[in-house]
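A single structure is presented below for examination.
Where a number appears in this text, it was derived from the coordinates with a stated rule and is not lab data. These numbers were taken from a predicted model, which means no experiment stands behind them. As a convention, Cβ positions derive from the backbone with ideal geometry for all residues, glycine included, and neighbour counts pool all protein chains shown.
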Amino acid sequence: MRSVTVRHLVVALCVLSLAGCASAPTAPQAPESSFELKWREHREQVSGIHQWHLSGRIGIRTDDTGGSANLRWKRGEGQDQIDLFGPLGGGRIRLDIDSAGARLRDSQGQNFHADSASEVMFKATGWVVPLEVLGDWIRGIPAAGPHESEIDEAGKLISLNQNGWTITFNEYAPHQQALLPRKIRLSASEGVINELASRNQISGKQLVVKLYIDEWTPTADVTELDQ
């Protein structure tokens with residue numbers, strides 16, 4: 001299978017005077033390849049999915065620890081609700097995220113609060129998961145900001161490097177006319193691991209998160225989340 005690498009990096013270009021920049025000839029734009037055209041069309045379609053119900057499994061592994069849980073994720077307008085069933089040998093963990101921050105209730109009835117979802121997840125479970133950008137990656141698109149991606153001839157992401165993570169998309173499945181990832185692997189870079197180690201959030205040299213999506217229902221309206 002052929003693929004193409006696409007880079008989207010922020011580059012400072014202008015060291016000339018304003019007059020010099022204005023007078024410089026404009027280079028002709030390279031024609032868009034068939035890969036890039038299909039990728040743009042696919043990305044526009046998937047980016048339009050703002051609300052969903054999905055279910056599957058999540059697993060995390062470091063040099064010292066590992067764990068897994070069944071996953072249910074509902075995204076509505078401006079709010080997310082993530083349920084984890086069976087992490088760390090326990091019952092259900094519920095994570096609610098909105099503009100006010102993130103709140104987590106564990107299977108023992110303890111409540112945790114933090115400004116970010118990844119922070120409250122670590123407080124409650126010790127798991128390091130980049131939840132702030134996972135809503136994009138789980139759809140098979142980059143989050144906002146610099147990234148490097150590899151796309152296949154059908155216009156889908158094969159791999160993505162962003163925010164110090166390498167994301168590999170191993171399988172896609174059709175869901176209501178959209179192809180969405182089914183198997184995703186996130187691997188933290190050495191830089192991310194060193195930063196986490198400096199905050200005593202991880203030991204060892206590896207951090208891998210795996211997601212398996214069993215069912216994905218994009219929906220135009222998620223009006224109410226579970227209580």
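Could you give the length gained by full extension between residue 170 and residue 61, i.e. 0.36 nm per residue of separation minus their alpha carbon distance, to one decimal place? Mind dumping the intermediate values first?
Working: separation 109, 0.36 × 109 = 39.24 nm, distance 1.79 nm.
Stretched out fully, the residue 170 to residue 61 stretch lengthens by 37.5 nm.
What are the aspartates and glutamates whose alpha-carbon lies under 18 Å from the alpha-carbon of residue 205, with same-chain residues fewer than 8 places away excluded?
63, 64, 190, 195
Here is a follow-up. Efficiency by 1/(1 + (r/R0)^6): what FRET value for residue 77 and residue 214, r their Cβ-Cβ distance, R0 = 22 Å, to the nearest 0.05? Present the calculation step by step, with values, prior to reporting the outcome.
Values: r = 25 Å, r/R0 = 1.12.
The pair residue 77/residue 214 has a calculated efficiency of 0.35.
In whole Å, how far is the Cα centre of the range 56-121 from that of the range 130-154?
What the calculation gives is 21 Å, centre to centre.
Along the range 149-159, what does the Karplus equation 6.51 cos²θ - 1.76 cosθ + 1.60 (θ = phi - 60°) give for ³J(HN,Hα), rounded to whole Hz, x for Gly and Pro?
For the range 149-159, the Karplus curve yields 10, 10, 10, 8, 5, 8, x, 9, 5, 9, 8 Hz.
Let me make sure I get this right: for the range 85-224, a, b and c are the square roots of the gyration tensor eigenvalues over alpha carbons, sorted descending. Under 1.5 in a/c it's rounded, otherwise prolate if a/b > b/c, else oblate. Which is it? Working shown, then result.
Values: a/c = 1.86, a/b = 1.21, b/c = 1.54.
Oblate, since a/c reaches 1.5 and b/c is not below a/b.
Taking amide hydrogens as modeled 1.01 Å from N in the peptide plane, which residues meet the under 5 Å criterion relative to residue 67, leaving out close sequence neighbours?
60
Moving on to the next point. Please compute the modelled spin-label separation between residue 189 and residue 70, points set 7 Å along Cα→Cβ, answer in nm with one decimal.
About 3.7 nm, to one decimal.
For residue 219, which sequence-distant residues (separation of 5 or more, or a different chain) have an amide H within less than 5 Å of its own amide H, given hydrogens modelled in the peptide plane?
Hits under the 5 Å cutoff: 51, 52, 53.
Now, a different point. For residue 198, put the label point 7 Å out on the Cα→Cβ axis and report which residues of the range 124-149 keep their amide N under 20 Å from it.
In the range 124-149, the label zone of residue 198 (backbone N under 20 Å from the point 7 Å along Cα→Cβ) covers 128-130.
Can you spot the lysines whose alpha carbon is less than 25 Å from residue 156's alpha carbon? Ignore those fewer than 8 places along the same chain.
By straight Cα distance, residue 156 reaches 38, 74, 183, 210.
Between residue 85 and residue 177, what is the label-to-label distance in nm when each label sits 7 Å out along the Cα-to-Cβ direction?
Label-label distance for residue 85 and residue 177, simple model: 3.2 nm.
Cβ neighbours within 10 Å, averaged per peptide: list 199-208, 126-135 in order, most packed at the top.
Values: 199-208: 13.9, 126-135: 18.7.
Answer by packing, highest mean first, reads 126-135, 199-208.
Calculate, for residue 143 and residue 33, the FRET efficiency according to 1/(1 + (r/R0)^6) with r their C-beta to C-beta distance and R0 30 Å; round to the nearest 0.05.
Numbers: r = 23 Å, r/R0 = 0.78.
For R0 = 30 Å, the calculated efficiency reads 0.80.
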